[in-house]
Amino acid sequence: MTATRQVALVTGASSGIGKAAAIALAAAGFQVIGTGRNTARVTPPAGVSYLDLDATSDESVASVVKQVIDRFGRIDVLVNNAGVGANGAAEEFSVARTQDVFDINVYGILRMTKAVLPHMRAQRRGRVINVSSLSGFVPSPFMAIYTSTKHAVEGYSGSLDHEVREHGVRILLVEPGPINTPFGDHSVQGDTPMPLYASGRRTFDEVLAKNTSGGDDPAVVAKVIVAAATDRNPKLRRTAGSTAASISVLHRVLPGRIFDRIVRRFNRMPS
């Protein structure tokens, strides 16, 4: 079967940003396939179907991409949204737990991207949209492990975009700020907690809860993802939400010492 509509594959689409992106892409005319670890209980929105995916498994990734190609004959857009938060001081994470976070947030994106690139090159068109974060370009205390994964995604995406652009493929970044999702509730915690960081960790939890509860709706990010998927001349990176846009501007124009103070004040840290 060959799809007449463009086909979008969205990872981590059972809730939050991924689900909102799947709905928005379907509304924009795409045939959308969403993925999640266990989608049996997910009620598919109109225009969206679901497949189970474990982004840490080469076999699962290959199987999902093959199923989509076999059914629709093409993949025009891949949205790499699946990921996990990681909260706590960097010193509180063992190397093994850090590797687990990287396996999802970084290597999961690498697996998915490598799996779709041959098909996109063959059709001489395609877009891979990697959902990064405000933490992809600024420091985030007590999120060092998560932040390092997003910095890795930014470096990978910007470099790969130059490599594949001549083949009709673009690698694009969407950078959300605080979004009203249960992000903190589902985040990995450090496995070697230290009393030294207990007070800072409690403050971080309060800041995160306040920022996410007052954050933008996932539909705000979904709108930016659709723009990245459809704009004739897409930009490499787009912020999503008012906080990410404001901090991006400050990061570009302020001297480093002043921006450092803003980071500490934003996170309620001692001056």
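Where a Cα-Cα gap under 19 Å defines reach, which lysines qualify for K114, not counting those fewer than 8 residues away within the same chain?
K66, K150
Ignoring any ligand, DNA or RNA, what whole percent of the accessible area of region 112-271 comes from carbon and sulfur when the probe is 1.4 angstrom?
Within region 112-271, the accessible surface is 54 percent carbon and sulfur.
Nearest 10 degrees, 0 to 90: what angle lies between the long axis of helix 107-122 and the longest principal axis of the chain (Cα atoms)?
Helix 107-122 sits at roughly 30 degrees to that axis.
Pick out, from L196, A227, V249, the residue whose Cα sits farthest towards the positive end of the charge dipole of region 127-271, with +1 on the Cβ of Lys and Arg and -1 on the Cβ of Asp and Glu.
Highest projection toward the positive end goes to V249.
On a 0 to 90° scale, report how tilted helix 198-213 is relative to the longest principal axis of the chain, with both axes built from alpha carbons and the result rounded to the nearest 10.
50 degrees
By a straight-distance test (C-alpha under 16 Å), which lysines pair with K223 as possible cross-link partners, with residues fewer than eight away in the same chain excluded?
K19, K235
Taking the simple approach of a point 7 Å from Cα along Cα-to-Cβ for both R252 and R5, what is their distance in nm?
For the pair R252/R5, the computed spacing is 3.5 nm.
What angle do you read, to the nearest 10 degrees and between 0 and 90, between the alpha-carbon axis of helix 242-253 and the longest principal axis of the chain?
70 degrees
How high is the relative contact order of region 13-97, in percent, with contacts defined as C-alpha pairs under 8 Å that are six or more residues apart?
RCO, region 13-97: 22 percent.
Could you tell me the largest-minus-smallest coordinate of the C-alpha atoms of region 123-271 on each of the three principal axes, in descending order and whole angstroms?
Taking the Cα atoms of region 123-271, the three principal extents are 55, 35, 28 Å.
Hey, what did region 191-271 get for relative contact order, percent, Cα under 8 Å, at least 6 apart?
30 percent
What spacing in nm lies between the two simple spin-label points modelled at D185 and R268, each 7 Å away from Cα in the Cβ direction?
Between D185 and R268, the label points sit 2.0 nm apart.
At 1.4 Å probe radius, can you tell me the per residue accessible area of region 160-224 in Å²?
About 53 Å² of surface per residue is accessible.
The values are calculated or read from the model by the stated rules, or taken from the named source; none is laboratory data. Not measured: the values here are computed from a predicted model. Neighbour counts are summed over all protein chains in view; Cβ atoms, including those assigned to glycine, are modelled from backbone coordinates with ideal geometry. Accessible surface areas use protein heavy atoms only, side chains included; no ligands, DNA or RNA. Shrake-Rupley method; radii C 1.70, N 1.55, O 1.52, S 1.80 Å.
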